[in-house]
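Contents: one structure, followed by commentary.
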Amino acid sequence: MNLTVHTVREHAPSILVAGLSTAFGVSLISITGVLTQVIRDSGVDSATLTFILSFIAVVFVVIALYVGALVTANTFATIIAGRVRTIALLRLIGSSAARQRLAVAREGLTVGVVGALMGGIAGVLFSLLVVYAGVRSGALPAGNYSYLTATMLLPVLAVALTTTAASWAGSRRVLSVSPMDALGAAGESSFSEQTARRVRNRVALAVFVSGDLILVAGVLVGLVDPLGVLIGLVGGIFSFTGVVLGASVIMPRALRLIGRAFGTSATARLARENAVRYPERSARTTIGLVIGVTLITTFAVTVASYQSLIEAAQESMPGVYAGVDPLLAITVTVFSVLMGFSALIAAIGMVNNFSLNVLQRTRELGLLRALGFTARQIRRMILIESAQLSAAAVVVGLVLGTFYGWAGAQSLIGGIQGSPGIVVPTVPLVLLAVIVVAAVALTAVASLVPSRRATRITPVVALATE
């Protein structure tokens, strides 16, 4: 299926996410190779640091692919929700659900291939720029570094495949669209229908709990072997997958509870009840921000805890870690920059999904206008929705991110020579404050611009919009 101009615009954020995921992986592999060479040439007893660096690279690449897949699947689910009536009309004239889902998968393959190729080129250029800047500033010694290796093809292929798989997973709603939906209002599942899905909800709970137990096991194994970080990585993926699967049941309740803080006006009550009235929409929108906050918090706590553990080990055994300070500073700086890639991935996905959700509510907003709501009240309702969304997502993301970040650092280097063992998480409070402000700002921008566009349409035209 060839992408039309409209479809390209619709998938532009997905292409960008695929490109960023690939660039993250390619540049991480390249820069890790450079740092490994620097450590090897420094004369420091570097076996442990080199091993840790390689592990970090693997873990970060897997996380980038996982986050990219989650964001892509969420984006495709949002897009499909806006195409329900169109798909139903195609079903009405003879098309099958399998054919429509295959068409979406082809879109995902195209998005993945285009994004992966663009990201691969960008990743190589970024690593060249980082190393050049490091050499010019004196942070890195001059040398003949290798920037192109066969392993860099792995992120390119992985992103193309995961994006295709994510589009397939995100388009599963196509299978439930019937031809009759074309004749009436094709709505989303209610909250009672979501809670009635006992099998899925129990699976979500089981996946979340098992993931947390695996994370704890990774921390314990990490006290004697850095391979514990791989166990922790699997646990983190399982745990957060459980959160995603159960989001349509958990997040609406959290949103309605938080929404009570915004008063009892008509707009506030409507914003609060919309979270439960449309649980799938609330979950899709909220989980995008949860991904972003969790990811940034995870990396921030991981880097801070990693640095604290290394410094504690250095104080305990200064002879073993002599000369490590410059290398530690370089490692933390580089991975902090690379952390921004994943944060950007999640931010793009969150803004895109919220904007799409608002624009897809043109008929709903038109009905409210016809019932007497002013454009100002509509915008205030959407702003309250976005505010309660931000509050719920930030709380959930900070809790999950702190736990995942601490477990990641602990399972990776909890057992190095001179380590104090299990320690409390190191939480950079200034960065977390920035996260809260940035989340509120992003959600406000993502809601106000499309809501203003939607409310400019007259109620009659809005009600006629498909």
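In this structure, is Leu327 aliphatic (A, V, I, L, M), open to solvent by less than 30 Å² (accessible area, probe 1.4 Å), part of a helix (DSSP H, G or I) and modelled with pLDDT of 75 or more?
Working: aliphatic (A, V, I, L, M): yes; open to solvent by less than 30 Å² (accessible area, probe 1.4 Å): yes; part of a helix (DSSP H, G or I): yes; modelled with pLDDT of 75 or more: no.
Spelling it out, it is not the case that Leu327 is aliphatic (A, V, I, L, M), open to solvent by less than 30 Å² (accessible area, probe 1.4 Å), part of a helix (DSSP H, G or I) and modelled with pLDDT of 75 or more.
I'd like the full set of residues that are crowded, with 16+ Cβ neighbours inside 10 Å and not polar (S, T, N, Q), limited to the range 104-113.
Passing the criteria: Val104, Ala105, Glu107, Gly108, Leu109, Val111, Gly112, Val113.
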Open item on the list: Quick check on Ser95: is it of a type in the set (S, T, N, Q), assigned to a helix (DSSP H, G or I) and modelled with pLDDT of 75 or more?
Closed with: no
Open item on the list: out of contact with any helix residue (DSSP H, G or I) (no Cβ under 8 Å at 6 or more places or on another chain) and modelled with pLDDT of 80 or more: is that true of Ala409 in this structure?
Closed with: no
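Okay, residues lined up against (1) closer than 25 Å to Thr75 by Cβ; (2) surrounded by fewer than 23 Cβ atoms within 10 Å (Cβ to Cβ):
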| residue | (1), (2) |
| --- | --- |
| Ile250 | yes, yes |
| Arg253 | yes, yes |
| Leu257 | no, yes |
| Ser265 | no, yes |
| Gly288 | yes, no |
| Ile296 | yes, no |
| Ser308 | no, yes |
| Glu311 | no, yes |
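Find the residue count for the range 257-282, including only residues that are touching an Asp or Glu at 6+ places or on another chain (Cβ under 7 Å) and not aliphatic (A, V, I, L, M). It would help to see each step written out before you state the result.
Start the filter on the range 257-282 by keeping residues that are touching an Asp or Glu at 6+ places or on another chain (Cβ under 7 Å), which leaves 271, 274, 278, 280-281.
Okay, now just the ones that are also not aliphatic (A, V, I, L, M), so 274, 278, 280-281.
Residues flagged as touching an Asp or Glu at 6+ places or on another chain (Cβ under 7 Å) and not aliphatic (A, V, I, L, M) within the range 257-282 amount to 4.
Only one residue in Ala116, Ala122 is open to solvent by less than 30 Å² (accessible area, probe 1.4 Å), part of a helix (DSSP H, G or I) and not acidic (Asp, Glu). Which one? Step through it out loud before you land on a result.
On the way: Ala122 fails: open to solvent by less than 30 Å² (accessible area, probe 1.4 Å).
Ala116 is the lone residue from the list that is open to solvent by less than 30 Å² (accessible area, probe 1.4 Å), part of a helix (DSSP H, G or I) and not acidic (Asp, Glu).
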Open item on the list: Taking the criterion of being in a helix (DSSP H, G or I), modelled with pLDDT under 75 and open to solvent by 10 Å² or more (accessible area, probe 1.4 Å), would at least one residue in the range 23-30 satisfy it?
Closed with: no
- [ ] Return the pairs, sorted by first residue and then second, in which the second residue is in a helix (DSSP H, G or I) and open to solvent by 40 Å² or more (accessible area, probe 1.4 Å), the first residue lies in the range 207-220 and is farther than 12 Å from Gly242 by Cβ, the beta carbons are less than 6 Å apart, and the residues are 6+ apart or on different chains.
- [x] Ala217/Ile231; Gly218/Ile231
TODO: Looking for whichever is more than 21 Å from the chain's Cα centre (by Cα), buried (at least 23 other Cβ atoms within 10 Å of the Cβ) and part of a helix (DSSP H, G or I) here; the options are Ala261, Ala271. Which one fits?
DONE: Ala271
Open item on the list: Given (1) within 30 Å of Ile416 (Cβ to Cβ); (2) part of a helix (DSSP H, G or I); (3) open to solvent by 30 Å² or more (accessible area, probe 1.4 Å), identify the lone condition not met by Val224.
Closed with: (2)
TODO: Identify, from the list Ala409, Ala392, the residue that is in a helix (DSSP H, G or I) and within 12 Å of Val293 (Cα to Cα).
DONE: Ala392
Task: Selection status of Thr162, assigned to a helix (DSSP H, G or I), more than 17 Å from the chain's Cα centre (by Cα) and modelled with pLDDT under 85 - done: no
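Before we move on, is Ser95 free of Cβ contacts under 8 Å to residues at least 12 places away in the same chain and out of contact with any Gly (no Cβ under 8 Å at 6 or more places or on another chain)?
Numbers: free of Cβ contacts under 8 Å to residues at least 12 places away in the same chain: yes; out of contact with any Gly (no Cβ under 8 Å at 6 or more places or on another chain): yes.
Against the criterion (free of Cβ contacts under 8 Å to residues at least 12 places away in the same chain and out of contact with any Gly (no Cβ under 8 Å at 6 or more places or on another chain)), Ser95 qualifies.
Among residues belonging to the range 135-155 that are part of a loop (DSSP other than H, G, I, E, B), within 33 Å of the chain's Cα centre (by Cα) and of a type in the set (A, V, I, L, M, F, W, C), point out the one that is nearest to Leu35 (Cα to Cα). First the steps, then the outcome.
Within the range 135-155, the first condition is being part of a loop (DSSP other than H, G, I, E, B), and the residues that meet it are 138-149.
Applying the additional criterion that residues be within 33 Å of the chain's Cα centre (by Cα) yields 139-140, 145-149.
Filter once more, keeping what is of a type in the set (A, V, I, L, M, F, W, C): 139-140, 148.
Details: Ala139: 11, Leu140: 9, Leu148: 14 Å.
Checked the range 135-155; the qualifying residue nearest to Leu35 (Cα to Cα) is Leu140.
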TODO: List the number of the failed condition for Glu466; all other conditions in (1) assigned to a helix (DSSP H, G or I); (2) touching a helix residue (DSSP H, G or I) at 6+ places or on another chain (Cβ under 8 Å); (3) at pLDDT below 80; (4) of a type in the set (D, E, K, R) hold.
DONE: (1)
- [ ] Read through the list (1) closer than 18 Å to Leu230 by Cα; (2) surrounded by 19 or more Cβ atoms within 10 Å (Cβ to Cβ); (3) among the aliphatic types (A, V, I, L, M), then give the number of the only condition that Ile435 fails.
- [x] (1)
- [ ] Scan the range 388-425 residue by residue and report those that are over 18 Å from Leu309 (Cα atoms) and hydrophobic (A, V, I, L, M, F, W, C).
- [x] Leu389, Ala391, Ala392, Ala393, Val394, Val395, Val396, Leu398, Val399, Leu400
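The values are calculated or read from the model by the stated rules, or taken from the named source; none is laboratory data. Values in this document were obtained by computation on a predicted structure and should not be read as measured data. Here the Cβ is made from the backbone with ideal geometry for all residues, glycine too, and neighbour counts use every protein chain on show. When the accessible area is computed, the model is the full protein with side chains, heavy atoms only, and any ligands, DNA or RNA have been set aside. Shrake-Rupley method; radii C 1.70, N 1.55, O 1.52, S 1.80 Å.
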